[in-house]
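*Asks:* Before I ask anything, here is the structure I am working with.
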Amino acid sequence: MINSKYIKGNQEKGLTPITSQWMQEIMSHPKVINELFTKFGSPLNILNPASFTQNCIKFKEVFESNEVKYGIFYARKANKAKAFVKQAFKENIGVDTASERELLQSLQLGGDGEHLVLTSAIKTKRQIEIAIQNNVPIVLDNDDECILVNNIAEKNNKKARVAFRLSGFHVEGSKLYSRFGFDIDKIEEYLINHVGEGKAYNNFKVEGLHFHLDGYSTQQRSEALLQCIKLTQRLKEHDFSFRFIDMGGGILINYLKHKEEWLDFDTRLEQSLKGEISPVTFNKNGLGYRLEDGIIKGERKTYPYFNEINSDKFLDKILKYSNQKGNSVASLLKKENIEIRIEPGRSLVNQSGITMAKVVHRKKDAKGQWLIGLEMNMSQMMSSSADFMLDPYVMYANLDENKTEDKSVEVYFTGAYCLERDVLLKRKVTLPKLPEIDDIVVFVNTAGYMMHFFETQAHLFELAPNLVYTETSNAVASSNFKLDADG
Ligand SMILES: Cc1ncc(COP(=O)(O)O)c(C=O)c1O
């Protein structure tokens with residue numbers, strides 16, 4: 001008898017991901033999913049725009065409860081799908097674009113000057129032309145950009161809508177470094193001397209200030225906002241008026257269900273590196289830690305997957321932070337009539353995507369470790385940090401849980417690139433039994449930067465298809481959802 005079942009790896013000592021109902025729904029329909037694999041191949045990315053909307057609503061509520069004027073611009077670099085761009089416009093929020101194609105495609109999908117912003121790290125002439133012709137605000141990063149944007153605006157007989165990106169904020173006695181933006185200590189003089197009627201850059205319509213901070217400190221973001229507000233106050237005397245301050249992205253999300261598991265993993269990682277317990281990572285990868293003379297050194301280079309202060313709470317904390325006089329960021333923004341903008345990427349696509357792949361082979365390496373070869377490669381699910389630390393699920397075609405004999409195995413999942421390091425998760429995963437060929441492995445919550453950001457086509461592999469999940473109310477169908485190609 002076929003006994004299909006999906007189950008999370010690491011039933012004990014795991015890192016249990018928050019897993020939305022829609023993801024469970026997909027995993028409980030192996031027949032539908034197998035048909036998709038037959039049609040589209042492996043791996044498959046599935047995206048759910050309804051989760052994007054839920055995240056969006058939460059941010060709107062925070063802004064509204066703090067009574068500030070606001071703008072939300074989805075940073076589409078987090079995921080390349082059109083579905084989320086369309087969803088952003090449906091929710092009447094904007095889209096932050098960072099390349100010519102991101103900008104053009106967002107315009108084609110209905111974006112306009114009020115709902116788009118161009119923040120690219122490198123801005124080509126073509127990008128700037130498109131932005132100016134479509135009245136899309138451009139976030140300026142350096143003097144060369146100012147020259148180019150001013151010239152292109154002049155040629156087009158238009159004013160370029162611009163914001164100035166800043167960095168170098170002062171927080172607790174140190175200056176925050178970034179390779180991006182103008183130095184906060186120099187921008188006042190720069191604007192006064194170069195920008196405006198009769199000055200070098202006289203084709204700008206200055207609308208805002210902008211920053212995006214590395215890391216995830218709410219305090220740094222609040223302090224940066226306070227410094228931006230002060231700057232706008234000083235610049236008023238020089239006839240500058242700023243409509244908005246954009247604080248970029250970096251709003252933390254919480255991936256994990258249990259804090260204890262997160263803390264416990266750290267302890268076990270250290271123990272395993274010291275050889276006190278068996279390895280918990282592939283070939284004792286320290287994920288940033290290293291063992292020197294019996295002592296653990298370095299720091300863990302992984303995203304902080306567990307966070308109590310996340311998404312809406314994170315944003316609320318930034319807005320409620322007060323300066324030394326006891327005035328909150330929100331109250332100062334309100335007083336100055338400045339709109340606060342954010343550019344969330346990861347936090348808007350939280351719980352909005354999964355990546356699934358087929359098992360192709362199982363083998364034992366010379367160390368006796370089980371390696372499960374998946375039909376996908378490392379670029380199709382790659383973290384910018386040392387590992388993606390969520391337990392995967394396995395959809396077994398055959399899993400009889402009533403069988404009492406213990407068939408549990410410890411495995412690593414490997415990918416198709418000809419690199420030793422194509423090991424999809426560095427963490428060891430314990431499964432109730434060895435997966436069979438064609439069983440399906442599911443990685444949840446991969447929409448933010450995991451599925452697309454590092455995607456490459458080495459070996460001429462096709463890029464993974466992206467399917468959009470929609471709930472349906474068709475009672476006679478075998479499932480209450482449908483999946484369509486992103487387009
Ligand atoms: C300018 C800018 N805005 C927004 C974002 C999105 O950040 P996140 O996905 O962490 O919200 C980034 C990310 O690098 C960025 O550089």
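The values are calculated or read from the model by the stated rules, or taken from the named source; none is laboratory data. Nothing here was measured: the structure is a model prediction, and the numbers come from that model. So basically every Cβ, Gly included, is an ideal-geometry build from the backbone, and we count neighbours across all protein chains shown. The area values use the complete protein model at the heavy-atom level, side chains included, leaving out ligands, DNA and RNA. Shrake-Rupley method; radii C 1.70, N 1.55, O 1.52, S 1.80 Å.
*Asks:* Using 0.36 nm per residue of separation minus the Cα-Cα distance, give me the extension gain between Ala458 and Gln369 in nm, one decimal.
*Replies:* 29.4 nm
*Asks:* Next question. Distance between Cα centroids, segment 61-90 to segment 6-53: provide it in whole Å.
*Replies:* 25 Å
*Asks:* Looking at the chain, what % of its DSSP beta bridges pair antiparallel, to the nearest 5?
*Replies:* Of the beta bridges lying entirely in the chain, close to 50 percent run antiparallel.
*Asks:* Next question. Once Lys and Arg get +1 and Asp and Glu get -1 on their Cβ, which of Pro432, His452, Pro465 lies farthest toward the positive end of the dipole of segment 355-487?
*Replies:* Positive-most Cα among the choices belongs to Pro432.
*Asks:* Using the basic label-point model (7 angstrom from Cα toward the beta carbon), what is the Glu189 to Arg421 distance in nanometres?
*Replies:* The two pseudo-label positions are separated by 4.3 nm.
*Asks:* Mind ordering 356-366, 74-84 by average Cβ neighbours within 10 Å, highest first?
*Replies:* 74-84, 356-366
*Asks:* So, one more: Using 7 Å Cα-to-Cβ label points, what is the Asp484/Ala50 separation (nm, one decimal)?
*Replies:* For the pair Asp484/Ala50, the computed spacing is 1.5 nm.
*Asks:* Sorted by packing (mean other beta-carbon atoms within 10 Å per residue), highest first, where do 441-451, 131-141, 49-59 land?
*Replies:* Result, highest mean first: 441-451, 131-141, 49-59.
*Asks:* Remind me, relative contact order of segment 61-151 in percent, using alpha carbon pairs under 8 angstrom and six or more residues apart?
*Replies:* Result for segment 61-151 is 22 percent.
*Asks:* Separation between the Leu291 and Arg101 pseudo-spin-labels, each 7 Å from Cα along Cα→Cβ, expressed in nm?
*Replies:* 4.5 nm
*Asks:* Relative to the first principal axis of the alpha-carbon coordinates of the chain, what is the inclination of helix 30-40, with its axis defined by its Cα atoms, in degrees from 0 to 90 and to the nearest 10?
*Replies:* 60 degrees
*Asks:* Another question, if that's okay. In segment 254-301, what percent of the accessible surface is made up of carbon and sulfur (1.4 Å probe, ligands and nucleic acids excluded)?
*Replies:* C and S atoms contribute 46 percent here.
*Asks:* Run the numbers for Gln324 and Leu109: contour at 0.36 nm per residue of separation, minus the present Cα-Cα distance, in nm.
*Replies:* 72.9 nm
*Asks:* With 27 Å as the limit, write out which pairs from Lys259/Lys297; Lys186/Lys317; Lys313/Lys426; Lys205/Lys334 have Cα-Cα distances beyond it, or answer none.
*Replies:* Lys186/Lys317; Lys313/Lys426
*Asks:* Moving on to the next point. If we sort 453-459, 430-436, 107-113, 344-350 on the protection proxy, mean other Cβ atoms within 10 Å, highest first, what's the order?
*Replies:* Averaged packing, sorted descending, gives the order 344-350, 430-436, 107-113, 453-459.
*Asks:* I'd like to check one number: the per residue accessible area of the chain, probe 1.4 Å, reported in Å² as a whole number.
*Replies:* I get 45 Å² per residue for the chain.
*Asks:* Still on this structure, please answer the following. Which three semi-axes in whole Å describe the equivalent ellipsoid of segment 393-446, each the square root of 5 times a Cα gyration tensor eigenvalue, listed largest first?
*Replies:* 23, 12, 11
*Asks:* On to the next question. Full extension from Asn337 to Glu172: what is 0.36 nm times the residue separation minus their Cα-Cα distance, to one decimal in nm?
*Replies:* Fully extending the segment from Asn337 to Glu172 adds 56.7 nm.
*Asks:* Going by alpha carbons, how many degrees (0 to 90, nearest 10) lie between the helix axis of 143-155 and the longest principal axis of the chain?
*Replies:* So the helix axis and the longest Cα principal axis differ by about 70 degrees.
*Asks:* In percent, how large is the relative contact order of the chain, given Cα pairs closer than 8 Å and 6 or more residues apart?
*Replies:* Over the chain, the number comes to 23 percent.
*Asks:* On to the next question. Please work out the Cα center distance from segment 295-330 to segment 416-464, rounded to the nearest Å.
*Replies:* Answer, in whole Å: 31.
*Asks:* Another question, if that's okay. In deg cm²/dmol, rounded to 500, what helix-only [θ] at 222 nm does the chain give when every DSSP H run of at least 4 residues adds -39500 (n - 2.57) and the total is split over its residues?
*Replies:* -8500 deg cm²/dmol
*Asks:* Here's something else I'd like to know. Angle between the Cα long axis of helix 259-273 and the longest principal axis of the chain, 0 to 90 degrees, nearest 10?
*Replies:* The answer is roughly 70 degrees.
*Asks:* Here's a follow-up. In whole angstrom, and with the biggest value first, how far do the Cα coordinates of the chain range along each principal axis?
*Replies:* Result, largest extent first: 82, 58, 43 Å.
*Asks:* Would you mind checking Lys80/Lys159; Lys8/Lys257; Lys60/Lys320; Lys8/Lys433; Lys13/Lys433; Lys13/Lys257 for any pair whose Cα atoms are more than 19 angstrom apart?
*Replies:* Cα-Cα > 19 Å for Lys80/Lys159; rest within.
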